[in-house]
Amino acid sequence: MRKTIYQFFFGAAAVTLIAIIGVLTPSDVRACASCGCTLSSDWDNLQFSSTSGLKLDLRYDYLNQNQLRSGTGTISSADASQIMNNGNPQEVEKYTHNNYLTLGADYTFSREWGVNLQVPYINRDHSTLGTASDGYTPGDGGGQYNSHTSNIGDIKLLGRYQGFTPECNLGVLFGFKLPTGKYTLTGTSTDATAPGPVAIDRGLQPGTGTTDVIIGIYYTNNITPSLDYFAQATYQAALYERDHYRPGEGVNLNLGLRYMDLHVFYPQVQLNFRYARHDTGLNADSVSTGGTLLYISPGVSVPIGEHVSAYSFVQLPVYQNVNGVQLAPRYTMSFGVRYTF
């Protein structure tokens, strides 16, 4: 009994520490529809288990988008300012710093059925030179602004069924992303000719304003007694347009390999692929959104006790092909802790 109480408070301390990191880490970011962490931390939840129960997961992701890209290469801010976007000058963004803190709750009803809830908290800083710059300094009337947002994002609720095989290692995911995040927040204009609040780009709001359907499939198995793997594919699409904005539909593919024979820690590596289409609507950037991305993500998970485990990943780009001109990260860092009741 004493050991169980100790492990609970140890897990709570670890969760609190990561929460503090997530709140206090400085942030300058610009997020776009195609750029974002595609890493899967669902491996333990997707693995079949004959034991029902609850798992809590707290994960922190740091995403610093400070590199302008166009197509498969980088582009200078001066060159970006000369590009036309739907007949208008291209907006030149300076940076977007993202800090994501996501609380996950996973409940397994039986070997076949489970449900997962993801509640994100987004801390984001963004700065743009607007559409009238030379790539270095803003120009009058270009809509340039700075913004800081710190809000709950869109919540995801997913069910799963994995009763297709006797081992319960093949499953399907189904659920929704709910419009819980705000999508009408404003930043502060840095244009002396038009001071005051200015609308933040819809792709940078904490929420999209839409309900999205999510479906997926996954498979887990062993290659050897000490080496296992998982594969996961998900598709997400908005069901409607909200206030003249609809986020582009996207597909995520994840493949992971993990070595289980060290016991003290478990090294693993993932390949993460994402394809996203352009955002659409009068309030969307229908040119500089969407793209094709491939990342490699080495990481490690560490059992801390009978109920607590921690994990960490670094996500590195292997291939980036973005539509239009977008800010992209050079790397993404992820840290998490999981408590199993």
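The values are calculated or read from the model by the stated rules, or taken from the named source; none is laboratory data. The shown structure was predicted, so the numbers you read here are calculated from the model rather than taken from an experiment. Please note: Cβ atoms are built from the backbone with ideal geometry, for glycine as well, and neighbour counts cover all protein chains shown. Side chains included, ligands, DNA and RNA excluded: accessible areas come from the protein's heavy atoms. Shrake-Rupley method; radii C 1.70, N 1.55, O 1.52, S 1.80 Å.
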Of all residues in the stretch 260-286 being among the polar types (S, T, N, Q) and over 12 Å from residue 296 (Cα atoms), the one that is least open to solvent (accessible area, probe 1.4 Å)
286
Of the residues in the stretch 137-157, those that are part of a loop (DSSP other than H, G, I, E, B), in contact with a Ser or Thr (Cβ under 8 Å, 6 or more places away or on another chain) and open to solvent by 30 Å² or more (accessible area, probe 1.4 Å) come to 138, 140, 141, 143, 155
Can you say whether residue 102 is crowded, with 21+ Cβ neighbours inside 10 Å and modelled with pLDDT under 95, as far as the supplied structure shows?
no
Output yes when any residue across the stretch 194-202 is in a strand (DSSP E or B), of a type in the set (Asp, Glu) and within 15 Å of residue 96 (Cα to Cα), and no when none is.
no
Could you grab me the full set of residues in the stretch 204-227 that are over 13 Å from residue 156 (Cα atoms), open to solvent by 30 Å² or more (accessible area, probe 1.4 Å) and either touching a helix residue (DSSP H, G or I) at 6+ places or on another chain (Cβ under 7 Å) or of a type in the set (A, V, I, L, M) (or both)?
217, 223, 227
Residue 186 is checked against (1) open to solvent by less than 60 Å² (accessible area, probe 1.4 Å); (2) of a type in the set (Val, Ile, Thr); (3) at pLDDT 95 or above and fails just one. What number does that condition carry?
(1)
Whichever residue in the stretch 287-300 is open to solvent by 20 Å² or more (accessible area, probe 1.4 Å) and assigned to a strand (DSSP E or B) and, among such residues, is farthest from residue 243 (Cα to Cα):
300
